[in-house]
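Bear in mind these aren't lab numbers, they're just calculated from the coordinates by the rules spelled out. Since this is a predicted model, take the numbers as computed values, not measurements. Positions of Cβ are generated from backbone atoms using ideal geometry, with glycine treated the same way; all protein chains shown enter the neighbour counts.
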Amino acid sequence: MPRVFIKTYGCQMNERDSEAVAAQLVAKGYTLASSEETADVVLLNTCSVRDLAEQKALNKMKALAVAAGKERRGPVLGFMGCMAQSRGQKLIDELPDVDLVLGTQKFHRAAEYLDEILSGAREKIVDVAEEKDSEATIREHLLNGSAKKSVSAFVSIMQGCNQYCTFCIVPYTRGEERSRTIPGIVAECAELVSRGVKEITLLGQIVTSYGKREIPARDGKSAFVQLLEAVQEIDGLERIRFTSPHPKGYGDDLVDAYARLPKLCESAHLPVQSGSDRILKLMHRGYTRERYLGIVRKLRAARPGMGVTTDFIVGFPSETEKDFEETLSLAREVEFDQAYVFKYSPRRDTPAAEMPEQVPQRVREERNQILLQTINEIAARNYKSYVGRQAQILVEGPSKRNPARMTGRTRCNKIVVFDGGERHRGRLLDVQITRAGSFTLYGDAAILE
Ligand code: SF4
């Protein structure tokens, strides 16, 4: 049985795609290797969102090829995902040791192609073509891959994005928006719940655009809200989350869903990117600062205690000190629970890469530091305010930093570490928050249960 090792770069969508590929390979008789050194096949699932991510994957593949060259017969080497999609055959031209290049609509073909390469039927395979209905092929899960039960699972509901933000390569690597059916998604969620999953995160590049073309609005509710309602009905499911949404998808029907659907956690990731209307327009984001702030106000009114997180890009072309000040003031006004700050990274073939007045790297670095510091100060105050309060957590398993302790998440998506045991895994517990660290809360084991 060939042993496969998959290394994943990038976002949760990539993690989910890798999991589905691994599960499909296991179903076909492959086993999962614990390291690349012991594998017969090494696949790199790549990310193109920043240049650094691409360089990391390329360097990794070069190192694998050098190591394989020392052996009589090295492992089969493959690229898949976003960089595979955007570079295609060029990857093999530049790195002749690569055997397989698998695009973002072809993950489900991994087993078939690897069989062909391993049997010697074909030497090299590049497949980055579009494939109808490929969005419905990311279905398999590896819940039984570990000895412990998974409490939380990700379910891919759509692929692609039509927003074409001027800085983003995703519409070019993931293609047009394509959505799965509601019954197909619900069946997958129900199957996961029957295997012990308590929390489902619905995944896609722009989930709030789910089903826009395929599923008509009903009673003023978008396809995405109809999907949330259908998932809410699954018995035994405790919590629903989703990522990544787009602010313009937060219509009143979705805000209202937060008030109506008890399983939908009071946690919203609202990627704002900039606080300046001028920059938002250049980015082609489709909302203004005022509209964004209005959504946050409505969400907090619909669900008190709503956790709001975001993404920022600093140093977008032509961003002035004044634009950056507006981003800082927006961060202070919203008081985000957490924010991910990215320095603008020009991506080939995107409109922003060709824009004049590219901001010098030094300025991007400075703004990155200033915004991070602001975010951290706000978050520290926010986290401290939880000390002394009770919170309901869903226990996920041992803490990554200290496996002797357990970890769970509040409904508003804050990590809580506490002294518990395996018996708590998968349970909803009310804990007393005793201490706040950096983006982590600590609960008192003494008052558990
Ligand atoms: S909405 Fe998100 S995925 Fe789509 S183009 Fe914009 S940043 Fe990229």
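Checked against (1) in a strand (DSSP E or B); (2) surrounded by fewer than 19 Cβ atoms within 10 Å (Cβ to Cβ), Leu237 passes all but a single condition, namely (1).
Of the residues in the stretch 308-321, none is farther than 20 Å from Phe342 by Cβ and either β-branched (Val, Ile, Thr) or not in a strand (DSSP E or B) (or both).
For the stretch 400-413, does any single residue satisfy the condition of being part of a helix (DSSP H, G or I), free of Cβ contacts under 8 Å to residues at least 40 places away in the same chain and touching a Leu at 6+ places or on another chain (Cβ under 9 Å)? I'd like the intermediate steps shown before the answer.
Residues of the stretch 400-413 that are part of a helix (DSSP H, G or I), as a first pass: none.
No, every residue in the stretch 400-413 fails to be part of a helix (DSSP H, G or I), free of Cβ contacts under 8 Å to residues at least 40 places away in the same chain and touching a Leu at 6+ places or on another chain (Cβ under 9 Å).
Among the residues making up the stretch 414-428, those that are surrounded by 20 or more Cβ atoms within 10 Å (Cβ to Cβ) and closer than 15 Å to Tyr442 by Cα are Lys414, Val416, Val417, Phe418, Gly420. Just one of the numbered conditions (1) farther than 30 Å from Leu328 by Cα; (2) in contact with a Cys (Cβ under 7 Å, 6 or more places away or on another chain) is not true of Arg241: (1). Any residue at all in the stretch 164-186 that's part of a helix (DSSP H, G or I), buried (at least 22 other Cβ atoms within 10 Å of the Cβ), among the charged types (D, E, K, R) and within 16 Å of the ligand (Cβ to nearest atom)? Yes, the conditions are met somewhere in the stretch 164-186.
Quick check on my filter: what residues within the stretch 352-394 are without any contact (Cβ under 8 Å) to a residue 60 or more places away in the chain, among the polar types (S, T, N, Q) and within 18 Å of Arg332 (Cα to Cα)? Hits for the stretch 352-394 are Asn368, Gln369, Gln373, Thr374, Asn382, Ser385. Apart from one condition, Phe336 fits all of (1) within 30 Å of Arg87 (Cα to Cα); (2) among the aromatic types (Phe, Trp, Tyr); (3) more than 16 Å from the ligand (Cβ to nearest atom); the exception is (1). Only one entry of Arg122, Arg109, Arg213 meets the criterion of being basic (Lys, Arg), more than 16 Å from the ligand (Cβ to nearest atom) and part of a loop (DSSP other than H, G, I, E, B), and that entry is Arg122. Residues of the stretch 278-296 being assigned to a helix (DSSP H, G or I), within 16 Å of the ligand (Cβ to nearest atom) and in contact (Cβ under 8 Å) with a residue 24 or more places away in the chain, which ones? Within the stretch 278-296, Ile279, Leu282, Met283, Arg291, Tyr292, Ile295 qualify. Given the condition within 25 Å of Gly184 (Cα to Cα), of a type in the set (Val, Ile, Thr) and surrounded by fewer than 21 Cβ atoms within 10 Å (Cβ to Cβ), answer yes or no: does some residue in the stretch 213-220 qualify? Yes, the stretch 213-220 contains at least one residue that is within 25 Å of Gly184 (Cα to Cα), of a type in the set (Val, Ile, Thr) and surrounded by fewer than 21 Cβ atoms within 10 Å (Cβ to Cβ).
The rows are residues; the columns are (1) free of Cβ contacts under 8 Å to residues at least 24 places away in the same chain; (2) touching a His at 6+ places or on another chain (Cβ under 9 Å); (3) among the acidic types (Asp, Glu).
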site: Cys161; (1), (2), (3): no, yes, no
site: Ala190; (1), (2), (3): no, no, no
site: Arg195; (1), (2), (3): no, yes, no
site: Gly204; (1), (2), (3): no, no, no
site: Gly211; (1), (2), (3): no, no, no
site: Pro216; (1), (2), (3): yes, no, no
site: Phe224; (1), (2), (3): no, no, no
site: Ala230; (1), (2), (3): no, no, no
site: Ile234; (1), (2), (3): no, no, no
